[in-house]
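Read the figures in this text as sums done on the coordinates, not as results from a lab. All values reported here derive from a predicted model rather than from experimental measurement. Don't worry about glycine lacking a Cβ; one is built from the backbone with ideal geometry, like all the others, and counts go over all protein chains shown.
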Amino acid sequence: MICTTVREGQECVFMTAQGCSYNEGYCLPIIDECKGCQKSAEFPTGVYCTVAPDPSLKWKNGTCNMATHVKTATETKKQKLNPIKASKRR
């Protein structure tokens, strides 16, 4: 349904005919870690995440899995080459 509380006009899975069915009855604004993310949007009532109703829970165990402004660095470990096997391949 369409949100009628804080993110007016936005599609929301927590909206029912009786109002917002989320834990506290409304979505919570973004936290400092969310600043710069493309998934945050500004509404007349403040800046909210378009993906999560409570952004602090997404950042509780590290980085948010939906964050577009955080780049994860993957280390590529160079595999050790056995010189005996390398000489046989030639």
Q: Please report SER87, SER21, SER40 as a ranked list, fewest other C-beta atoms within 10 angstrom at the top and most at the bottom.
A: SER87, SER21, SER40
Q: Order by neighbour count: LEU81, LEU28, fewest other Cβ atoms within 10 Å first, most last.
A: LEU81, LEU28
Q.
Placing +1 on the Cβ of each Lys and Arg and -1 on the Cβ of each Asp and Glu in the chain, which of GLY62, THR45, GLY9 has its Cα farthest towards the positive end of the resulting dipole?
A. GLY62
Q. In straight Cα distance, which lysines are under 29 Å from LYS60, not counting same-chain residues fewer than 8 positions off?
A. LYS35, LYS39, LYS71, LYS77
Q: Report, in debye and to the nearest 20, how large the dipole of the chain comes out about its Cα centre when Lys and Arg carry +1 and Asp and Glu carry -1 on their Cβ.
A: 1540
(Q) Please compute the volume of the convex hull spanned by the alpha-carbon atoms of the chain and report it per residue in Å³. (A) 161
Q. The chain: longest stretch without exposed GluC sites (Glu not before Pro) (DSSP loop, at most 10 other Cβ within 10 Å), sites themselves excluded?
A. 25-74
